[in-house]
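Colleague: I am attaching a structure below and will ask some questions about it afterwards.
The values are calculated or read from the model by the stated rules, or taken from the named source; none is laboratory data. This is a predicted model, so every value here is computed, not measured. All Cβ positions, glycine included, derive from the backbone under ideal geometry; neighbour counts span all protein chains shown. The protein model used for the area step is the full one, side chains on, heavy atoms only, and it has no ligands, DNA or RNA in it. Shrake-Rupley method; radii C 1.70, N 1.55, O 1.52, S 1.80 Å.
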Amino acid sequence: MSSYLGNPIEKVESEFGKQLPIVIIGNGPVGIRAANLILESTPNQEVIIFGEEKSRPYNRVQLSLFLAGKVTENQLENPVSASESERVTEFLGHRVVNVDRERKSVTDDRGNIIHYSKLILALGASPLVPKIENTHLKGVHQFRTIDGTNELLRSKKECKNIYVIGSGPLGLEAAFGMKQPNNNVTLQVRSHLLGDYLNDDAQEVLIDYIAASGIKLSVQKPVKRIIGEQHIEAVELENGEIVPCDCLIFCTGISPNKQLAEKIGLETRRGIIVDQYTRTSDESIYAIGDCCEFRDRTFGVVSPGFKQAKSCVEHILGHLHEFEEDLPHVQVKFNNYTTAYYGELDVEDGEYYSYTNRLKGIYRKLILKEGRLVGVILIGNWEEESEIKIAVNENRKFRNKALLKFEETGLLINKPQEIQVKNLPDSYVVCLCSNVTIGELNAAIKSGCRTIEALGEKTKAGTVCGSCKPMLAQLLDKPVPNLVMRHQGKLFVTSVISVCLILLTILFEPLAAVDTVQIKWHIEKLWFDNFWKQVSGYTLLGLCLIATALALRKRLKNFNFGHVDTWRYVHSVVGVIALLILMIHTGVRMGENLNFTLMTVFLGATMTGALVGVFMSKNHHWSDHKLRQHRYWWSRVHYTLLWALLPLLIFHIISVYYF
């Protein structure tokens, strides 16, 4: 594969020479997919690709994961097929400025002239930036390219007050990707999160999760202007409020890149008009991806673009493969929390059924037409998600009994249990981005693919947004790593210290009294003297009350100060201090009767809490199933002992003063 960055050239092949190349303008995921399909389907066809960015082709869809630190820059690479690289020429950092439709040639901004047999426009789209004063200042960003994302990563480390405008999928992913323990992130919401598809109940569940993650929401308070001289310092809202801001990110939609098509006289409206084979008004020119418009609709997600690339290449090769629109599908994943909608969502005379559990952060909605499932909205993870998508694709009919059960339990098909991917039918689409089915994946596994990376290279599954990788891992019987929580190293240390202190209390001999009168103040006064025992006792009681703040932080909507992971760490530190005070209060004695029971329950509660801390801090080393199994049982024991501890403490205090 060769790349041109130097002197202008004119590349022409006569009808008596080698076959003219197919030229692709745009090296995003859709353009590269078209190039790979051409190379795979032909033995000799040359492909020439123009890309405006100087960087090598990369997977734009995973920029949110790159911003969140879940993938590296190398993992974003999206190269043309290496096995066919000798038939590919790439012009990186070259912008095509003209197309001569009569001579069938393209000219770039360096003066290079390339003649083509067919031309594919994969021009993509550009961010829409609202007309706000001072958008030119430093610190104002768009989230669309790898260079822009690298700038955001620098801002993530340096900036303290980050403001994200736009509450669609990209805005939500940008806000979560920029959030750090030491910064403030505000997400501006003009009217609704994720558009108008979510009703009030769904909005509240999603808002709860966003707030619990430490992200502030600014609802119906649009930015009026940006304040600053050279670098952004603040934003002024339309209500007059001034919000400090040293990093502003626009995630306010995209506009199809159609300027080149308009310049050369192709038919355009909102995008470049194409037919069912992705042909434009010029039969030698095709348009695919974000830049095109089909049946009055443009597409802002990658999956339709891949299907268009397939139809385009098939037509160029002489086969008729019509492009068919997918059911609408949007999936957003922040941390390990899924939000998605799928199928038809606004149905005339439709039937709607919903289930809400705000405590667990769950909202689910079914849309039916004439008793058949046509759409679904979900917020929070849903164990039936795979089967529900199959039911939507099949327009499956459900009885009234099942729908009523759904409204009570949130389950439509099964009892609560993990869906086994291997049991799904071969026709089930695992990777919606690349339209890869269970059958295709099983065939790839049988052919020797034994890793997620090998499956991706063979079938393209998991190479776009990556949300299907857990299902690929299930097919391969590999554990899926969990997300690393904040302060996980510190939490592990405090949890281990707690376990050691508990073992010391149980196994070591009680501290003996000093048998000398030469020392005026003896250490044993701390656990024998009434005054010091009251000091340590009430300190211990206060620490127990402070520890309950974690429960309040997790369960009370309006108590959302700080990140939950930070509260967990503070909770573990309080536990260590409480154990030290307990050792002082008791002289490392287990006691008898009521005191023995109280000590046993206290040590049991702290031991189980410490074990939960170990599991939480190391969850990125274990599979989801293993983590859930251990954490579930130890957490339940921990909560039970804590509830038992409260009445025992009260009875202990009363008995001490009474007797």
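Colleague: Would you report the distance distribution of C-alpha pairs in region 281-393 as whole percents per 10 angstrom bin, up to the bin with the largest distance?
Modeller: With 10 Å bins starting at 0, P(r) equals 12, 34, 28, 18, 7, 1.
Colleague: Under a plain spin-label model, where a point goes 7 Å from the Cα along Cα-to-Cβ, how far apart in nm are Tyr352 and Val330?
Modeller: 1.6 nm
Colleague: In addition: Just how much of Thr463 is accessible, in Å², when a 1.4 Å probe is used and the result is rounded to the nearest 10?
Modeller: 60 Å²
Colleague: If you don't mind, there's one more thing I want to ask. Contour minus end-to-end for Leu128 and Leu320, with contour as 0.36 nm per residue of separation and end-to-end as the Cα-Cα distance?
Modeller: 65.6 nm
Colleague: If you plug each phi of region 132-138 into the Karplus form 6.51 cos²θ - 1.76 cosθ + 1.60 with θ = phi - 60°, what whole-Hz ³J(HN,Hα) values come out, in order, with x for Gly and Pro?
Modeller: 10, 5, 6, 6, 7, 5, 5
Colleague: Collect residues whose amide H, placed 1.01 Å from N in the peptide plane, falls under 5 Å from the amide H of Thr268; neighbours closer than 5 in sequence don't count.
Modeller: It is Ile273, by chain and number.
Colleague: For region 49-106, what is the charge dipole size about the Cα centre, in debye to the nearest 20, if Lys and Arg each add +1 at the Cβ and Asp and Glu each add -1 at the Cβ?
Modeller: 160 debye
Colleague: Want the number for Lys216 to Val97: 0.36 nm per residue separation, take away the alpha-carbon distance, what's left?
Modeller: 38.5 nm
Colleague: Apply the Debye scattering formula to region 150-254, with a single equal point scatterer on each alpha-carbon and no solvent, then give log10 I(q)/I(0) at q = 0.20 Å⁻¹.
Modeller: The Debye formula, applied to the Cα set alone, gives -1.05.
Colleague: Along the charge dipole of region 110-228, which of Ala202, Pro130, Ala174 sits closest to the positive end, that is, farthest toward it, with unit charges on the beta carbon of Lys, Arg, Asp and Glu (+1, +1, -1, -1)?
Modeller: Pro130
Colleague: Could I ask something else about it? Can you give the accessible area of Arg225, probe radius 1.4 Å, in Å² rounded to 10?
Modeller: For Arg225, solvent-accessible area is about 80 Å².
Colleague: Moving on to the next point. Which order, highest average first, do 257-265, 383-391, 289-297 follow once you tally other Cβ atoms within 10 Å for each residue and take the mean per peptide?
Modeller: Those peptides, ordered most packed to least, come out 289-297, 383-391, 257-265.
Colleague: Sort 590-603, 333-346, 51-64 by the packing proxy (mean of other Cβ within 10 Å over each peptide's residues), most packed first.
Modeller: In descending order of packing, they fall as 51-64, 333-346, 590-603.
Colleague: Using the charge dipole of region 336-411 (Lys, Arg: +1 at Cβ; Asp, Glu: -1 at Cβ; taken about the Cα centre), state which of Leu373, Asn400, Leu345 has its Cα farthest towards the positive end.
Modeller: Checking the options against the dipole of region 336-411, the answer is Asn400.
Colleague: So what is the relative contact order of region 185-244, in percent, for Cα pairs below 8 Å that sit 6 or more residues apart?
Modeller: Computed value for region 185-244: 31 percent relative contact order.
Colleague: Can I ask one more? Would you list, by chain and number, the aspartates and glutamates whose Cα falls below 19 Å from the Cα of Lys533, excluding same-chain residues fewer than 8 positions away?
Modeller: Glu524, Glu592
Colleague: Taking the Cα-to-Cβ direction at Glu394 and at Glu407 and moving 7 Å from each Cα, how far apart do the two end points lie in nm?
Modeller: 2.5 nm
Colleague: In addition: Any idea what diffusion coefficient region 67-205 gets from Stokes-Einstein, in µm²/s, Kirkwood Rh on alpha carbon pairs, 25 °C, 0.890 mPa s?
Modeller: Value of D from the Cα-based Kirkwood radius: 129 µm²/s.
Colleague: Hey, another quick one. Leaving ligands, DNA and RNA out of it, rank Trp567, Trp382 by accessible area with a 1.4 Å probe, largest first.
Modeller: Ranking Trp567, Trp382 by accessible area, largest first, yields Trp567, Trp382.
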